[in-house]
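Novice: Here it is, the structure in full.
Please treat every number below as a calculation from the coordinates, not as lab data. Keep in mind that this is a model prediction, so the values were computed, not measured. Reconstructed Cβ throughout: ideal geometry from the backbone, glycine too, with neighbour counts over all protein chains shown.
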Amino acid sequence: MRDATTGGPPDPAVLDLPFAVGEAASGPLTWAQSVMWDAMQWFGKEANQFNIGQPLVLAEPVGQARLLAALRDLIEAHQTLRTRYVARSGQPRQEVHASGAYDVVVADGHDDPPRVAEELAGRLAETAFDHEAEWPLRVGCVVDGDGRVTAVALVGSHLAFDGWAFHTFVDLLLAGLTGERGQPEPASAAAVGPPVGAEPAAGGGVPQALEQAAFEGSPAGQQQSRLGLRHWEQGLSAAPASMFDLPRAATGDQPIERHLLDSAAVAAAAAALAARTRTSFSTVLLCLTTLVLTAYNGHDTAVLKLITGNRLDRRSRDLIALNTLDALLAFTVPRDVDLLTAIRQTHRPAFDAYRRAQCDPRAVRTVVEEVGRRRGVSFDLSTYFNNGHRGNDWAVTGPEPGPDRLAELRAGSRYTWLDPLPRSDMKFMVAASNAGEGLCRLGLLVDTTYLPGALGETIVRGIETLLCDAVAAEIGVAEIPGRIGLTPAVRGADWVRTPAGWVRPADVAELVREAAGGVEVAVLATGPAPGTGLTAYVADASAVPEELHRRVLDLLPGRTGVAAPDGYVACVAAPPAGAGPDAWRGVPVAACGPGRPA
């Protein structure tokens, strides 16, 4: 042990943990890692919010040597734990080291190991990881007066771990400390198995992230990606451009609110409804999420990204590495049915989305852009659902809970309003995880620019209410707003409903005016909703519809509540002042057309 001190207050002691195994290796990032890499670059120092941490109180103290041995075995067996993520010639890569050393911070337990471990985990999670200079795992331990380890604090980078991988690592570490199972075999040149996405050969070695990257670049991986891309293209072809084509609210400098509800009632009720509908816990929560959100925003079709673990076989389940990707769910929301029927109708499209999640995210971005330009929209795919629990966390083992039991469980629910954030690449996310002791931790992130006021708490508590009510009685989907006190968004008469979603023609006119160089423009709606079309009239006889449309498309990104017009009319002049919008239809026309390729 060495004392890591500076000129200031003394730091905790640090244990040296050297490792050495096999040979160094490197390769491209996996699809999942590349998504997280981009997100972390965007957030910069604020990427610390992605850190995954856990204080772990041991049932029995262990010697420091035993902790170091268990950690060393895992570091040497799993490449992720000895990987640095670096940018070479502008391209990020993962570099696996054959040797190196960890620092394990040591803190005095002061007769309160749980508190000290939680504080230590918090300190380790305070800063974003420097992936070129540090390992993707920070470790601390709490010791008693005899120097024995009573608790461990672990913090992982989300570039290296998803929730599944992190908890798998924790389980393996606990097994190594308690001796309940043999240690994993060290990684070596002979222990390299087949790609994680492929069928493993009998007795294959420990699955590794470099194998996953190699599979993704293989013909089999590319074929898998093509199937996923086809799913994205089909879904986006009829999806609304955004779930947030809403009037905006004024916010402060911290517009992103976060809400938590730790609820045994959510766990029990959702598990009961999953069993009753023969679906899954995830489907139940996903259905409620889409129903509540679309009840607020007035959409008939929902479009969400599902954060998908892709743990589809034994090797992927054993892989200690980030493996999550975004799946696309775009489906017509059930309306004139009861809640249980809606859950059943959600199951198949959700299953198809999860099944097609594994595809190249760079190609996904291309598909999103191409479909958007073809449809005349810029997609805002910032609605997320994340089911982070493991399949049997809350399996039903007895009779369904009745109303009295659910009321008792709800009385113990704990709501927490977390400190807001200045920004996020999400506008709305519902996440579920296992908080232990039979509790489901239901998390909600909302951008108050689009979902203002106390709406966040209304939604997270409303999901709990609907789950519990549906166990005891039949609930119609149309009843949802009234049951949870949700007031739908109010749009003025100047909004119209189009196949792209809700649009303000005045905002579209401003967009076309900018693209046309500031000339007078009017955008008129035609046809009944939801098939309303938009025609832009431009007071410029020289305007060419195709060129104007291209400029409009270039200006669309980042704007909600707008879409490119379905057609353009180049007028010789504007109608007389005060003539009214309909007068544009009677002015002389120089050119007209949809602006799109035939």
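Novice: Under 1.5 on a/c is rounded, so check that first for segment 382-493, then, if it is not, pick prolate when a/b is larger than b/c and oblate when it is not; a ≥ b ≥ c are the square roots of the alpha carbon gyration tensor eigenvalues. Numbers along the way, then the final one.
Specialist: Values: a/c = 2.12, a/b = 1.34, b/c = 1.57.
Oblate, because a/c is 1.5 or more while a/b does not exceed b/c.
Novice: For segment 418-433 and segment 521-541, compute the distance between their C-alpha centroids and round to whole Å.
Specialist: Going from one Cα centre to the other spans 36 Å.
Novice: Going by alpha carbons, how many degrees (0 to 90, nearest 10) lie between the helix axis of 505-515 and the longest principal axis of the chain?
Specialist: Its long axis makes an angle of about 90 degrees.
Novice: In terms of modelled amide H atoms, which long-range or inter-chain residues lie less than 5 Å from the amide H of Val142?
Specialist: Excluding prolines and chain starts, which carry no amide H, the hits are Ala107, Thr150, Ala151, Val152, Ala153.
Novice: Any number yet on Rg/Rh for segment 219-484, C-alpha, Kirkwood? Show your work: numbers first, answer last.
Specialist: Details: Rg = 18.3 Å, Rh = 19.1 Å.
That ratio is 0.96, to two decimals.
Novice: Taking the Cβ of Gly518 as the center, what net charge do the other residues with Cβ under 11 Å away carry, scoring Lys and Arg +1 and Asp and Glu -1? Don't skip to the end; give the middle numbers.
Specialist: Working: positive: Arg513; negative: Glu510, Glu514, Glu520, Asp540.
Around Gly518, the surrounding residues sum to -3.
Novice: With only alpha-carbon atoms in the gyration tensor, what are the semi-axes of the equivalent ellipsoid for the chain, in Å, largest first?
Specialist: Values: eigenvalues 467, 170, 104 Å².
Semi-axes (√(5λ), whole Å): 48, 29, 23.
Novice: Quick one: 3J(HN,Hα) in Hz for segment 264-274, Karplus 6.51/-1.76/1.60 with θ = phi - 60°, rounded, Gly and Pro as x.
Specialist: Here the 3J(HN,Hα) series is 6, 5, 4, 4, 5, 5, 5, 5, 5, 5, 5 Hz.
Novice: Can you tell me the orientation of helix 361-375 relative to the chain, as the angle in degrees between its alpha-carbon axis and the longest Cα principal axis, to the nearest 10?
Specialist: Roughly 10 degrees between the two axes.
Novice: Please give the per residue volume of the convex hull enclosing the alpha carbon atoms of segment 496-593, rounded to a whole number of Å³. Mind dumping the intermediate values first?
Specialist: Working: hull volume 8.6 nm³, N = 98.
Dividing the Cα hull volume of segment 496-593 by its residues yields 88 Å³.
Novice: Another question about this same structure. Order these by the 10 Å Cβ neighbour count, fewest first: Glu126, Glu95.
Specialist: On the way: Glu126 10, Glu95 15.
With the fewest neighbours first, Glu126, Glu95 line up as Glu126, Glu95.
Novice: With θ set to phi - 60°, apply the Karplus curve 6.51 cos²θ - 1.76 cosθ + 1.60 along segment 148-159 and write out the HN-Hα couplings as whole Hz, x wherever there is a Gly or Pro.
Specialist: For segment 148-159, the Karplus-derived couplings read 7, 7, 10, 7, 10, 10, 10, 9, x, 7, 6, 6 Hz, x marking Gly and Pro.
Novice: In deg cm²/dmol, rounded to 500, what helix-only [θ] at 222 nm does the chain give when every DSSP H run of at least 4 residues adds -39500 (n - 2.57) and the total is split over its residues? Provide the component values of the computation, followed by the final result.
Specialist: Working: 16 runs with 203 residues, N = 598.
Helix-only estimate at 222 nm: -10500 deg cm²/dmol.
Novice: Which percent of the Cα-Cα distances in segment 332-371 go past 13 Å? All intermediate terms of the calculation are to be shown ahead of the outcome.
Specialist: Numbers: 496 of 780 pairs.
Summing the P(r) tail past 13 Å for segment 332-371 gives 64 percent.
Novice: Give, rounded to the nearest 20 debye, the magnitude of the charge dipole that segment 219-484 has about its Cα centre when Lys and Arg contribute +1 at Cβ and Asp and Glu contribute -1 at Cβ.
Specialist: Around 920 debye, computed over segment 219-484.
Novice: Mind jotting down the three principal axis lengths of segment 231-314 based on Cα atoms? Whole angstrom, largest first.
Specialist: In descending order, the Cα extents are 43, 36, 28 Å.
Novice: Output needed for segment 326-419: three equivalent-ellipsoid semi-axes, defined as square roots of 5 times the C-alpha gyration tensor eigenvalues, in descending order, whole Å. Before the final figure, lay out each step's value.
Specialist: Details: eigenvalues 248, 63, 50 Å².
In descending order the semi-axes read 35, 18, 16 Å.
Novice: Could I ask something else about it? Can you tell me the convex hull volume per residue for segment 45-113, based on C-alpha atoms, in Å³ to the nearest whole number? Each step should come with its number before you reach the end.
Specialist: Values: hull volume 10.3 nm³, N = 69.
Hull volume over Cα atoms, normalised by residue count, gives 149 Å³.
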